1. Using 0.36 nm per residue of separation minus the Cα-Cα distance, give me the extension gain between VAL329 and ASN39 in nm, one decimal.
2. Would you mind getting the accessible area per residue of the range 204-358, heavy atoms of the protein chains only, 1.4 Å probe, in Å²?
3. Which value in nm describes the separation of the simple spin-label points at ARG174 and GLN146, placed 7 Å from the Cα toward the beta carbon?
4. Mind giving me the nanometre distance, one decimal, between the label points for SER32 and VAL197, set 7 Å out from Cα along Cα→Cβ?
5. For the range 139-233, just say rounded, prolate or oblate: build the C-alpha gyration tensor, square-root its eigenvalues into a ≥ b ≥ c, call rounded for a/c under 1.5, and beyond that prolate if a/b exceeds b/c, oblate if not.
6. Quick one: net charge of ILE153's neighbours, Cβ under 15 Å, K/R +1, D/E -1?
7. Stick to Cα atoms and the Kirkwood definition of Rh, then tell me Rg/Rh for the chain.
8. Whole angstrom only: what separates the Cα centroid of the range 238-271 from the Cα centroid of the range 30-55?
Amino acid sequence: MNKGKKITQQQLFLPVVCVLLVLAVNIFYDVSQGNEFYNFFKITLTNDVLQGRLINILNRGSEVAILAIGMTLVVSASAGTDISVGSVMSLCASFCCMLVAGYGVSSVSSPDEFAMPLVVGLLGALVMGLVCGAFNGALVAYLNIQPMVATLILWSAARAIGLLLCNNLIVYVRDDTFGLFGGYLGPIPTPILIAAVCVAATSLVLKKTALGMYVQSVGINKRASRIAGLNSQKIIFLCYLICGLCAGIAGIVASSRITSADSNNIGLNMELDAILAVALGGNSLGGGKFSLAGSIIGAYTIQAITTTMYNLGVSTEVAPVFKAVVVIVIVAIQAPPVRAWFKKRAAAKAVQKGVASV
(Lines give C-alpha, C1' and ligand atoms only; values in the text may rest on other atoms or scores of the structure.)
Protein backbone atom coordinates (compact mmCIF):
# COMPACT_ATOMS: atom_id res chain seq x y z
CA MET A 1 0.00 0.00 0.00
CA ASN A 2 2.79 2.39 0.94
CA LYS A 3 4.72 1.50 -2.23
CA GLY A 4 1.67 2.25 -4.37
CA LYS A 5 1.18 5.58 -2.61
CA LYS A 6 4.83 6.50 -3.17
CA ILE A 7 4.54 5.69 -6.87
CA THR A 8 1.41 7.79 -7.37
CA GLN A 9 3.00 10.74 -5.59
CA GLN A 10 5.97 10.78 -7.94
CA GLN A 11 6.11 13.89 -10.14
CA LEU A 12 6.45 11.79 -13.31
CA PHE A 13 3.55 9.49 -12.45
CA LEU A 14 0.79 11.41 -14.26
CA PRO A 15 2.90 12.27 -17.36
CA VAL A 16 3.78 8.59 -17.76
CA VAL A 17 0.14 7.58 -17.27
CA CYS A 18 -0.88 10.05 -20.00
CA VAL A 19 1.64 8.51 -22.39
CA LEU A 20 0.39 5.02 -21.58
CA LEU A 21 -3.20 6.10 -22.26
CA VAL A 22 -2.26 7.47 -25.67
CA LEU A 23 -0.38 4.26 -26.44
CA ALA A 24 -3.40 2.21 -25.33
CA VAL A 25 -5.68 4.11 -27.72
CA ASN A 26 -3.28 3.42 -30.60
CA ILE A 27 -2.96 -0.25 -29.73
CA PHE A 28 -6.75 -0.65 -29.45
CA TYR A 29 -7.22 1.07 -32.81
CA ASP A 30 -4.63 -1.13 -34.52
CA VAL A 31 -6.19 -4.31 -33.14
CA SER A 32 -9.67 -3.16 -34.20
CA GLN A 33 -8.34 -2.63 -37.72
CA GLY A 34 -6.93 -6.15 -37.84
CA ASN A 35 -3.30 -5.09 -37.44
CA GLU A 36 -0.75 -6.39 -34.96
CA PHE A 37 -0.99 -4.85 -31.50
CA TYR A 38 2.63 -3.71 -31.79
CA ASN A 39 2.01 -1.87 -35.06
CA PHE A 40 2.43 1.50 -33.34
CA PHE A 41 5.95 0.57 -32.24
CA LYS A 42 6.96 -0.91 -35.58
CA ILE A 43 10.03 0.81 -37.06
CA THR A 44 11.22 -0.01 -40.56
CA LEU A 45 14.19 1.02 -42.67
CA THR A 46 12.79 2.41 -45.92
CA ASN A 47 15.01 4.13 -48.48
CA ASP A 48 17.84 3.99 -45.91
CA VAL A 49 15.88 6.05 -43.34
CA LEU A 50 13.88 5.01 -40.29
CA GLN A 51 10.11 5.09 -40.74
CA GLY A 52 7.22 4.51 -38.36
CA ARG A 53 4.64 6.31 -36.26
CA LEU A 54 6.92 6.40 -33.24
CA ILE A 55 9.71 7.94 -35.33
CA ASN A 56 7.28 10.50 -36.76
CA ILE A 57 6.18 11.53 -33.26
CA LEU A 58 9.76 11.93 -32.05
CA ASN A 59 10.65 13.81 -35.24
CA ARG A 60 7.70 16.20 -35.42
CA GLY A 61 7.68 16.83 -31.66
CA SER A 62 11.33 17.88 -31.54
CA GLU A 63 10.67 21.61 -31.85
CA VAL A 64 8.16 21.58 -28.98
CA ALA A 65 10.58 19.50 -26.88
CA ILE A 66 13.34 22.08 -27.44
CA LEU A 67 11.00 24.95 -26.57
CA ALA A 68 9.81 23.06 -23.48
CA ILE A 69 13.36 23.13 -22.08
CA GLY A 70 13.47 26.91 -21.91
CA MET A 71 9.80 27.21 -20.95
CA THR A 72 10.32 24.89 -17.97
CA LEU A 73 13.08 27.10 -16.56
CA VAL A 74 11.11 30.29 -17.19
CA VAL A 75 7.96 28.95 -15.51
CA SER A 76 9.93 27.64 -12.54
CA ALA A 77 11.92 30.82 -11.93
CA SER A 78 9.39 33.56 -12.72
CA ALA A 79 6.04 31.81 -12.10
CA GLY A 80 5.03 33.02 -15.55
CA THR A 81 5.13 31.88 -19.16
CA ASP A 82 6.97 33.15 -22.22
CA ILE A 83 4.25 33.45 -24.87
CA SER A 84 6.67 34.88 -27.45
CA VAL A 85 8.67 31.71 -28.23
CA GLY A 86 6.66 30.88 -31.36
CA SER A 87 7.13 34.35 -32.82
CA VAL A 88 10.81 34.38 -31.80
CA MET A 89 11.20 31.07 -33.66
CA SER A 90 9.84 32.75 -36.78
CA LEU A 91 12.12 35.79 -36.37
CA CYS A 92 15.23 33.64 -35.86
CA ALA A 93 14.39 31.50 -38.90
CA SER A 94 13.82 34.60 -41.03
CA PHE A 95 17.05 36.21 -39.86
CA CYS A 96 19.01 33.02 -40.57
CA CYS A 97 17.67 32.60 -44.10
CA MET A 98 18.01 36.31 -44.83
CA LEU A 99 21.71 36.23 -43.91
CA VAL A 100 22.44 33.03 -45.83
CA ALA A 101 20.48 34.00 -48.92
CA GLY A 102 21.83 37.54 -48.80
CA TYR A 103 18.40 39.05 -49.12
CA GLY A 104 18.68 42.81 -48.76
CA VAL A 105 22.47 42.50 -48.34
CA SER A 106 23.72 41.14 -51.63
CA SER A 107 22.10 39.54 -54.64
CA VAL A 108 22.44 35.89 -55.62
CA SER A 109 21.36 34.32 -58.86
CA SER A 110 19.38 31.44 -57.31
CA PRO A 111 18.26 30.06 -53.93
CA ASP A 112 20.82 27.29 -54.41
CA GLU A 113 23.68 29.73 -53.79
CA PHE A 114 24.92 31.15 -50.51
CA ALA A 115 25.66 34.84 -50.16
CA MET A 116 27.23 34.17 -46.78
CA PRO A 117 28.62 31.04 -45.12
CA LEU A 118 25.95 28.87 -43.52
CA VAL A 119 27.60 29.22 -40.12
CA VAL A 120 26.93 32.98 -40.24
CA GLY A 121 23.21 32.37 -40.65
CA LEU A 122 23.12 29.75 -37.90
CA LEU A 123 25.02 31.95 -35.45
CA GLY A 124 22.83 34.88 -36.44
CA ALA A 125 19.69 32.90 -35.57
CA LEU A 126 21.12 31.91 -32.18
CA VAL A 127 22.24 35.46 -31.42
CA MET A 128 18.81 36.77 -32.40
CA GLY A 129 17.24 34.26 -30.01
CA LEU A 130 19.55 35.42 -27.23
CA VAL A 131 18.70 39.06 -27.93
CA CYS A 132 14.98 38.32 -27.72
CA GLY A 133 15.50 36.32 -24.54
CA ALA A 134 17.54 39.17 -23.03
CA PHE A 135 14.78 41.64 -23.92
CA ASN A 136 12.10 39.54 -22.23
CA GLY A 137 14.38 38.79 -19.28
CA ALA A 138 15.20 42.43 -18.70
CA LEU A 139 11.52 43.38 -18.63
CA VAL A 140 10.60 40.61 -16.20
CA ALA A 141 13.68 40.50 -13.96
CA TYR A 142 14.71 44.14 -13.72
CA LEU A 143 11.50 46.06 -14.46
CA ASN A 144 9.23 43.61 -12.59
CA ILE A 145 6.72 43.44 -15.45
CA GLN A 146 4.43 40.41 -15.36
CA PRO A 147 5.89 37.68 -17.64
CA MET A 148 2.83 37.34 -19.87
CA VAL A 149 2.61 41.11 -20.38
CA ALA A 150 6.35 41.45 -20.98
CA THR A 151 6.52 38.63 -23.53
CA LEU A 152 3.33 39.83 -25.22
CA ILE A 153 5.47 42.53 -26.88
CA LEU A 154 7.59 40.09 -28.86
CA TRP A 155 4.62 37.78 -29.35
CA SER A 156 3.11 40.45 -31.56
CA ALA A 157 6.28 42.16 -32.82
CA ALA A 158 8.82 39.39 -33.50
CA ARG A 159 6.89 37.75 -36.33
CA ALA A 160 6.22 41.14 -37.87
CA ILE A 161 9.94 42.00 -37.68
CA GLY A 162 10.70 38.72 -39.46
CA LEU A 163 8.27 39.65 -42.20
CA LEU A 164 9.92 43.06 -42.55
CA LEU A 165 13.37 41.45 -42.81
CA CYS A 166 12.12 39.24 -45.64
CA ASN A 167 9.99 41.98 -47.21
CA ASN A 168 6.90 39.83 -46.57
CA LEU A 169 8.30 37.11 -48.85
CA ILE A 170 9.29 33.49 -48.32
CA VAL A 171 13.09 33.38 -48.53
CA TYR A 172 14.33 30.05 -49.91
CA VAL A 173 17.68 28.46 -49.14
CA ARG A 174 17.93 25.38 -51.35
CA ASP A 175 21.01 23.71 -49.95
CA ASP A 176 21.56 20.15 -48.75
CA THR A 177 23.73 21.31 -45.86
CA PHE A 178 21.05 23.63 -44.53
CA GLY A 179 18.33 21.03 -45.12
CA LEU A 180 20.32 18.55 -43.05
CA PHE A 181 19.16 20.20 -39.80
CA GLY A 182 15.57 19.28 -40.61
CA GLY A 183 16.35 16.16 -42.61
CA TYR A 184 18.24 12.98 -41.84
CA LEU A 185 21.67 12.27 -40.48
CA GLY A 186 22.15 8.77 -41.80
CA PRO A 187 18.94 6.84 -41.05
CA ILE A 188 17.95 9.00 -38.06
CA PRO A 189 15.97 12.27 -38.36
CA THR A 190 18.30 15.11 -37.39
CA PRO A 191 15.69 17.00 -35.29
CA ILE A 192 15.55 14.02 -32.92
CA LEU A 193 19.32 14.18 -32.44
CA ILE A 194 19.27 17.96 -31.96
CA ALA A 195 16.52 17.69 -29.34
CA ALA A 196 18.41 14.90 -27.58
CA VAL A 197 21.60 16.99 -27.48
CA CYS A 198 19.71 20.01 -26.09
CA VAL A 199 18.03 17.90 -23.38
CA ALA A 200 21.29 16.15 -22.46
CA ALA A 201 23.25 19.42 -22.31
CA THR A 202 20.61 21.12 -20.14
CA SER A 203 20.34 18.11 -17.82
CA LEU A 204 24.11 18.02 -17.46
CA VAL A 205 24.26 21.72 -16.55
CA LEU A 206 21.42 21.38 -14.05
CA LYS A 207 23.02 18.34 -12.39
CA LYS A 208 26.65 19.48 -12.39
CA THR A 209 25.93 23.02 -11.26
CA ALA A 210 23.65 24.61 -8.67
CA LEU A 211 21.55 26.33 -11.35
CA GLY A 212 18.62 23.96 -10.92
CA MET A 213 18.49 24.54 -7.18
CA TYR A 214 18.81 28.32 -7.63
CA VAL A 215 15.97 28.37 -10.18
CA GLN A 216 13.67 26.42 -7.88
CA SER A 217 14.59 28.56 -4.87
CA VAL A 218 13.81 31.80 -6.71
CA GLY A 219 10.56 30.34 -8.02
CA ILE A 220 9.41 29.24 -4.58
CA ASN A 221 10.21 32.53 -2.83
CA LYS A 222 12.06 35.32 -4.61
CA ARG A 223 12.43 37.50 -1.54
CA ALA A 224 13.73 34.71 0.70
CA SER A 225 16.22 33.69 -2.00
CA ARG A 226 17.51 37.24 -2.18
CA ILE A 227 17.92 37.33 1.60
CA ALA A 228 19.81 34.03 1.41
CA GLY A 229 22.31 35.65 -0.96
CA LEU A 230 20.97 34.63 -4.39
CA ASN A 231 20.71 37.23 -7.12
CA SER A 232 17.16 36.43 -8.17
CA GLN A 233 17.18 39.01 -10.96
CA LYS A 234 20.18 37.46 -12.68
CA ILE A 235 18.75 33.95 -12.34
CA ILE A 236 15.41 34.96 -13.89
CA PHE A 237 17.25 36.87 -16.63
CA LEU A 238 19.39 33.78 -17.37
CA CYS A 239 16.30 31.58 -17.65
CA TYR A 240 14.76 33.89 -20.24
CA LEU A 241 18.09 33.99 -22.05
CA ILE A 242 18.11 30.18 -22.27
CA CYS A 243 14.48 30.23 -23.41
CA GLY A 244 15.37 32.61 -26.24
CA LEU A 245 18.29 30.40 -27.25
CA CYS A 246 16.00 27.36 -27.37
CA ALA A 247 13.61 29.33 -29.60
CA GLY A 248 16.52 30.11 -31.93
CA ILE A 249 17.49 26.44 -32.17
CA ALA A 250 13.87 25.43 -32.79
CA GLY A 251 13.63 28.12 -35.49
CA ILE A 252 16.65 26.68 -37.31
CA VAL A 253 15.14 23.19 -37.22
CA ALA A 254 11.73 24.42 -38.42
CA SER A 255 13.13 26.47 -41.30
CA SER A 256 15.52 23.73 -42.42
CA ARG A 257 12.60 21.30 -42.74
CA ILE A 258 11.19 23.43 -45.54
CA THR A 259 14.57 24.96 -46.56
CA SER A 260 13.02 28.40 -46.34
CA ALA A 261 11.76 31.07 -43.96
CA ASP A 262 7.97 31.14 -43.95
CA SER A 263 7.51 33.88 -41.38
CA ASN A 264 3.74 33.54 -41.29
CA ASN A 265 3.66 29.86 -40.35
CA ILE A 266 6.89 28.90 -38.59
CA GLY A 267 6.25 28.52 -34.87
CA LEU A 268 2.58 29.45 -35.22
CA ASN A 269 0.78 28.70 -31.92
CA MET A 270 3.78 26.62 -30.82
CA GLU A 271 4.10 28.66 -27.63
CA LEU A 272 0.82 27.10 -26.51
CA ASP A 273 2.17 23.58 -27.04
CA ALA A 274 5.32 24.49 -25.09
CA ILE A 275 3.28 25.76 -22.15
CA LEU A 276 1.04 22.70 -22.27
CA ALA A 277 4.12 20.46 -22.34
CA VAL A 278 5.25 22.02 -19.06
CA ALA A 279 1.80 21.59 -17.53
CA LEU A 280 1.42 18.00 -18.74
CA GLY A 281 4.85 17.27 -17.30
CA GLY A 282 3.47 17.75 -13.80
CA ASN A 283 5.14 21.13 -13.31
CA SER A 284 3.35 23.86 -11.42
CA LEU A 285 2.73 26.99 -13.50
CA GLY A 286 3.06 28.90 -10.23
CA GLY A 287 6.82 28.33 -10.19
CA GLY A 288 9.14 26.42 -7.89
CA LYS A 289 10.06 22.75 -8.22
CA PHE A 290 10.27 21.50 -11.79
CA SER A 291 10.91 18.32 -13.74
CA LEU A 292 12.69 18.69 -17.07
CA ALA A 293 12.00 15.03 -17.88
CA GLY A 294 8.30 15.60 -17.26
CA SER A 295 8.24 18.55 -19.69
CA ILE A 296 9.93 16.49 -22.41
CA ILE A 297 7.45 13.67 -21.88
CA GLY A 298 4.66 16.26 -22.05
CA ALA A 299 5.99 17.65 -25.34
CA TYR A 300 6.01 14.27 -27.03
CA THR A 301 2.64 13.40 -25.48
CA ILE A 302 1.11 16.43 -27.21
CA GLN A 303 2.60 15.34 -30.53
CA ALA A 304 1.40 11.76 -29.91
CA ILE A 305 -2.14 13.03 -29.31
CA THR A 306 -2.01 15.01 -32.56
CA THR A 307 -0.66 12.04 -34.54
CA THR A 308 -3.26 9.74 -32.99
CA MET A 309 -6.06 12.09 -33.99
CA TYR A 310 -4.89 12.09 -37.59
CA ASN A 311 -4.49 8.31 -37.52
CA LEU A 312 -8.08 7.95 -36.32
CA GLY A 313 -9.22 9.92 -39.35
CA VAL A 314 -9.93 13.21 -37.59
CA SER A 315 -9.49 16.12 -40.01
CA THR A 316 -6.85 18.78 -39.42
CA GLU A 317 -9.57 21.37 -38.78
CA VAL A 318 -11.33 19.33 -36.09
CA ALA A 319 -8.27 17.71 -34.48
CA PRO A 320 -7.43 20.73 -32.27
CA VAL A 321 -10.86 20.46 -30.63
CA PHE A 322 -10.29 16.84 -29.57
CA LYS A 323 -6.75 17.70 -28.59
CA ALA A 324 -7.99 20.55 -26.39
CA VAL A 325 -10.51 18.28 -24.66
CA VAL A 326 -7.84 15.67 -23.93
CA VAL A 327 -5.44 18.29 -22.62
CA ILE A 328 -8.13 19.87 -20.41
CA VAL A 329 -8.86 16.49 -18.82
CA ILE A 330 -5.16 15.77 -18.24
CA VAL A 331 -4.45 19.21 -16.79
CA ALA A 332 -7.58 19.06 -14.61
CA ILE A 333 -6.42 15.76 -13.13
CA GLN A 334 -3.13 17.40 -12.19
CA ALA A 335 -4.77 20.52 -10.68
CA PRO A 336 -4.03 21.02 -6.94
CA PRO A 337 -7.74 21.02 -5.88
CA VAL A 338 -8.33 17.73 -7.69
CA ARG A 339 -5.21 16.20 -6.18
CA ALA A 340 -6.30 17.43 -2.75
CA TRP A 341 -9.72 15.85 -3.27
CA PHE A 342 -8.17 12.48 -4.15
CA LYS A 343 -5.89 12.69 -1.11
CA LYS A 344 -8.87 13.50 1.09
CA ARG A 345 -10.78 10.53 -0.31
CA ALA A 346 -7.81 8.24 0.23
CA ALA A 347 -7.41 9.45 3.82
CA ALA A 348 -11.12 8.91 4.51
CA LYS A 349 -10.95 5.36 3.16
CA ALA A 350 -7.89 4.66 5.30
CA VAL A 351 -9.78 5.87 8.40
CA GLN A 352 -12.79 3.70 7.53
CA LYS A 353 -10.59 0.63 7.10
CA GLY A 354 -8.93 1.37 10.42
CA VAL A 355 -12.29 1.64 12.17
CA ALA A 356 -13.57 -1.53 10.50
CA SER A 357 -10.50 -3.50 11.57
CA VAL A 358 -10.99 -2.40 15.17
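1. Values: separation 290, 0.36 × 290 = 104.40 nm, distance 2.68 nm.
Gain in length upon complete extension: 101.7 nm.
2. On the way: 8030 Å² over 155 residues.
Roughly 52 Å² per residue, with all protein chains present.
3. So the two model labels end up 4.9 nm from each other.
4. Here the answer is 4.2 nm between the modelled labels.
5. Details: a/c = 4.50, a/b = 1.43, b/c = 3.15.
Oblate, because a/c is 1.5 or more while a/b does not exceed b/c.
6. Numbers: positive: ARG159; negative: ASP82, GLU271.
It works out to a net charge of -1.
7. On the way: Rg = 22.1 Å, Rh = 21.7 Å.
Result: Rg/Rh = 1.02.
8. Spelled out, the Cα-based centre of one part sits 29 Å from the other.
The values are calculated or read from the model by the stated rules, or taken from the named source; none is laboratory data. These numbers come from a predicted model, not from an experiment. Glycine also receives a Cβ, built like all others from the backbone with ideal geometry; neighbour counts cover every protein chain displayed. SASA here: full protein model, heavy atoms, side chains in, ligands and nucleic acids out. Shrake-Rupley method; radii C 1.70, N 1.55, O 1.52, S 1.80 Å.
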